[in-house]
Every structure is written in structure tokens, then in C-alpha cells.
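J.: Would you mind keeping the following structure in view while I ask a few things?
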Amino acid sequence: SAVISQKPSRDICQRGTSLTIQCQVDSQVTMMFWYRQQPGQSLTLIATANQGSEATYESGFVIDKFPISRPNLTFSTLTVSNMSPEDSSIYLCSVGTGWSYEQYFGPGTRLTVT
Amino acid sequence: AQTVTQSQPEMSVQEAETVTLSCTYDTSESDYYLFWYKQPPSRQMILVIRQEAYKQQNATENRFSVNFQKAAKSFSLKISDSQLGDAAMYFCAYRRGISNFGNEKLTFGTGTRLTIIP
């Protein structure tokens, strides 16, 4: 399996500001995924980040709101821009591996926007 | 588009008893993978079990087993000898089966909150 860390683990932010969430993996991986989990809800994929190319966003999510960087094979960031209370969620990073069909998840970042 | 449905928002079971969580899915593909993930209050998503669509045999991992009915597009999770540590949200997830290892997105159901009664 892969060991994934996320920073920060939680944050409280004011509306209109931005927060960058970091995701670090202990091994090189091709794909990294960013999911949002709104309170009491399921996980929804925001975007897929492939190293060396632009992230691919799912319907309903745009790059201006959720810019993603993927500078190398072990690291990615997700920025939540111009935040509103509706952005209050848990944001999870996950990775796929080249040797199994599972995805492994980070511990998540709990974001509260006031 | 693929969809995953979990019709039981909440379930409860007595400790040491058996409980079954339901999941149905809709896809036009013949090759895919199904997963059950567990999310305890710590938020960490933990893989419980995996089923390949091409396998007829139901997957088993210790106290966890699935009943995979491909024709009915049903994928239920059975937890035997329930323990207090099994209390969590359980999510059913689907991914298509193209040969890309873990590099395919997951589609999740809405989850079932499982409570274990001591």
C-alpha cells in the first residue's frame, strides 16, 4: 500500500480567502485524485492530477475555483479559492498504484469556512 | 454514466451478530471492479474488500465477505461476528476495469452508517 499524508489536517478560514492543501505520498505514483466530502455526504471527485500535465476536472468543478498542482510523482496541492461557507467539507487526496487496482486515501483535511 | 446506490442510510447490529449492507450499481460495462471502503470517525478511508467483475467467486477477507450478483448488479457486504471497531460509515465504490491499475477514478455510493450495539 501507499502511505499518504495531508496538511493541514483541519482549518477554519474566512470567506473570500484561499487555502492550499498538500498531499504527500511515500512512493512515486502516476495518478493522484482529489475528492470532496460535504458534511454527511459521500465522496465526489473534484479532479485527477497526472504528473506533467494539466489536471482533469469533473463536471461542476473548475480550475479557477480549485487549482491543482502536481510538480512531481509524490506530491500535489489543491487550492480552494475565494471560499464560501458552501466549501466547508472534508477534502481527501487519494492515489492509485501501478501494481494493484485499489486506491489509497490520505487522512483528509477538514475545512470550515465562516 | 455509472451510478452506485446504497439504500440503507443507517444500520445497527448487536455485537457478535451478523449484518449485511446493500449496494446496487448501474453500468453498461462488462469489466469493472467493486469495493467496500470503511470510514471511521477518524475520517480515514480504509479499503475493506475488493471484487473483480470477471470473478464468479465472492471475495472474502476474514470476517468480511461479499455477495456479488453480476446479473442483478448487486454487491452486498456481510460482516460476521460484528465488533465495536466495525462502527463506521461504509461506502460502496465502482471503477471501470480498463487495465490501468489504480489509476482510474472511483464512483461512490451515499454510504451506510453502521452502529454496533454492545
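The values are calculated or read from the model by the stated rules, or taken from the named source; none is laboratory data. This one's a predicted model, so the numbers in the text were calculated from it and none came from an experiment. Ideal geometry is used to build each Cβ from the backbone, glycine not excepted, and the neighbour counts take in all protein chains shown. Note: accessible area is taken over every heavy atom of the protein model, side chains too, but ligands, DNA and RNA are not part of it. Shrake-Rupley method; radii C 1.70, N 1.55, O 1.52, S 1.80 Å.
J.: Using θ = phi - 60° and the Karplus curve 6.51 cos²θ - 1.76 cosθ + 1.60, what whole-Hz ³J(HN,Hα) does each residue of the range A:73-83 get, with Gly and Pro shown as x?
T.: My calculation for the range A:73-83 gives 7, 10, 8, 8, 10, 10, 9, 9, 9, 6, 5 Hz in order.
J.: Report Rg(Cα)/(2.2 N^0.38 Å) for the range A:17-104, keeping two decimals. Mind showing how you got there, number by number?
T.: Numbers: Rg = 12.7 Å, N = 88, 2.2 N^0.38 = 12.1 Å.
Against the empirical 2.2 N^0.38 Å value, I get 1.05 for the range A:17-104.
J.: Calculate how many DSSP beta bridges within the protein assembly as shown are antiparallel, expressed in % of all such bridges and rounded to the nearest 5. Please list the in-between numbers first.
T.: On the way: 68 of 77 bridges.
Percentage antiparallel, nearest 5: 90.
J.: For the range B:4-118: lysine pairs with Cα atoms under 19 Å, gap of 8 or more or different chains, count?
T.: Details: B:Lys38/B:Lys78; B:Lys38/B:Lys105; B:Lys55/B:Lys70; B:Lys55/B:Lys73; B:Lys55/B:Lys78; B:Lys70/B:Lys78.
Lysine pairs meeting the criterion: 6.
J.: If you don't mind, there's one more thing I want to ask. What FRET efficiency comes out for the pair A:Thr56/B:Arg113, r = Cβ-Cβ distance, R0 = 25 Å, nearest 0.05?
T.: According to the calculation, E is roughly 0.20.
J.: Next up: Stick to the Cα atoms of chain B, pair each with every other, and give me the Kirkwood hydrodynamic radius in Å at one decimal.
T.: Values: mean 1/r = 0.0694 Å⁻¹.
Here the Kirkwood hydrodynamic radius works out to 14.4 Å.
J.: Note the buried accessible area between A and B here, summed over both chains, with a 1.4 Å probe, in Å² to the nearest 100. Show your work: numbers first, answer last.
T.: Numbers: alone 6210 and 6780 Å², together 10860 Å².
Roughly 2100 Å².
J.: Hey, in chain A, which Cys have no second cysteine's beta-carbon closer than 4.7 Å?
T.: A:Cys13
J.: Something else now. If I stretch the segment between A:Lys65 and A:Val3 completely, what's the gain in nm (0.36 nm per residue apart, minus their alpha carbon distance), one decimal?
T.: Working: separation 62, 0.36 × 62 = 22.32 nm, distance 2.76 nm.
Answer, rounded to one decimal: 19.6 nm.
J.: Report the FRET efficiency, 1/(1 + (r/R0)^6), for A:Ser18 and B:Lys70, where r is their Cβ-Cβ distance and R0 is 35 Å, rounded to 0.05. Write down the numbers at each step before the final one.
T.: Details: r = 45 Å, r/R0 = 1.29.
The pair A:Ser18/B:Lys70 has a calculated efficiency of 0.20.
J.: Mean separation of Cα pairs under 8 Å and 6+ residues apart, divided by the residue count of chain A: what relative contact order is that in percent? Could you put the intermediate results ahead of the total?
T.: On the way: 285 pairs, mean separation 42.3, N = 114.
Reported as a whole number, the value is 37 percent.
J.: Explain nothing, just the number: relative contact order of chain B, from Cα pairs under 8 Å at least 6 residues apart, as a whole percent. It would help to have the intermediate numbers written out before the result.
T.: Numbers: 282 pairs, mean separation 44.0, N = 118.
Relative contact order here is 37 percent.
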